[in-house]
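What follows draws every value from the coordinates through simple rules; no lab data is involved. On a predicted model such as this, the values are computed, not experimentally measured, just so you know. Reconstructed Cβ throughout: ideal geometry from the backbone, glycine too, with neighbour counts over all protein chains shown.
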């Protein structure tokens, strides 16, 4: 038996199919995964993401601490509630985790880390906190929901008190706002607009029920994966991990090289990789033949070399098979993928495949 979120009994009562995900018993779907996927693209769907870990970081030098720990630079965050996506790295440049950090005030930042990496993340955060006198507080008393889709913000705001709803609807992308123990952020993992909501665990079941009554579809991890892959978003443990750097994972844009004197963990290794040139890169693939792209399939680039599919699925929006793959840096626009002993043709594209419900590639 795995760990359970505050919504576990709700998922059981709804007939969800539960699977182990990073040590948690989580719903993969409640019925048709494709219908759940389309609900998010066309209307509004919600996900229980309480398995992810909210961590509050506090102290007079918390900004200096995070400028040392993260490849992106929290000094960019000037306004309360502003968010930043970043990787946290080992000294050799490998990715410990990818995460979002929110600036609350000069002595308080809130971080959201992945479920499968929470223990090593907390160990790493605590190991480096001493010299900065920063407190690291995982918020096990909180739950987290994601409401995503073109109508997600309006449906959610209608359930908040008027003042908080008005503030939530005014949020720009990658901003959050608090009201008591609730925190609403305009972030997500689907390529659609929406909110991620942090709230007391004791209030999660009631709010989930109210969202259902408002017409928001229950969605599981299966739809979340097809949605994030269509959006070209990396999944930790599949598309990057401690053996890969941001530079070879399509995440070079998350590295803040300026100012040059900011000595974040992993910077020397990344600088060496950048100067030398990385041998591999992460690209998008669209299969031209019949078949389904899956993780670990071999990618062959004629006259160049070989790579591997890191994430693959059938795209309900494109009605074609798509993937992320790590391939030789010299790869251009075509390759072949070995599927069940056959070499099938694939186009190499730049993700995302879908953005805000619209196809974003031409193949």
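The order of 332, 190, going from fewest to most other C-beta atoms within 10 Å of their C-beta, is 332, 190. Computed over the chain, relative contact order equals 18 percent, with contacts defined as Cα pairs under 8 Å that lie 6+ residues apart.
Per residue, the convex hull spanned by the Cα atoms of the range 28-73 measures out at 143 cubic angstrom.
Which FRET efficiency, nearest 0.05, do residue 106 and residue 170 yield, Cβ-Cβ r, R0 35 Å? Step by step, r from the Cβ atoms, then E = 0.95. Once you reduce the range 304-323 and the range 66-131 to the center of their Cα atoms, the two points are 30 Å from each other. Rounded to a whole number, what is D in µm²/s for the range 1-59 from Stokes-Einstein with the Kirkwood radius over alpha-carbon pairs (4 °C, 1.567 mPa s)? Using the Kirkwood radius from Cα pairs, D works out to 100 µm²/s. Look at where the Cα atoms of the range 187-208 and of the range 10-58 average out, and the two centres are 11 Å apart.
Principal axis analysis of the Cα atoms in the range 273-363 yields extents of 39, 33, 19 Å, listed in decreasing size. Just checking the listed ones, 202, 254, 331: in the Gaussian network model of the chain with Cα springs under 10 Å, the one fluctuating most is 202.
Measuring how big the range 37-160 is from its alpha-carbon positions, Rg and Dmax come out at 16.0, 49 Å. Computed over the chain with a Gaussian network model linking Cα atoms closer than 10 Å, the most mobile of 176, 23, 222 is 23. Among 199, 89, 18, sorting on how many other beta-carbon atoms sit within 10 Å of each Cβ, with the fewest leading, yields 18, 199, 89. Equivalent ellipsoid of the range 222-333: semi-axes from √(5λ) of the C-alpha gyration tensor, largest first, are 28, 17, 10 Å. Between 189, 103, 173, the Gaussian network model of the chain with springs among Cα atoms under 10 angstrom shows the greatest mean-square fluctuation at 173. Global dimensions of the range 91-155 from alpha-carbon coordinates: Rg and Dmax equal 14.9, 46 Å. Taking other C-beta atoms within 10 angstrom as a stand-in for reagent exposure, 227, 282 fall in the order 282, 227, fewest first. In the range 162-225, Rg over Rh equals 0.96, where Rg is the alpha-carbon radius of gyration and Rh the Kirkwood radius from pairwise Cα distances. Once each part is reduced to its C-alpha centroid, what is the distance from the range 150-178 to the range 336-359 in angstrom? Centre-to-centre (Cα) distance: 35 Å.
Computed from the Cα positions only, the extents of the chain along the three principal axes stand at 59, 51, 40 Å, in decreasing order. For the range 1-107, the Cα gyration tensor yields ellipsoid semi-axes of 34, 17, 14 Å (square root of five times each eigenvalue, largest first, whole Å).
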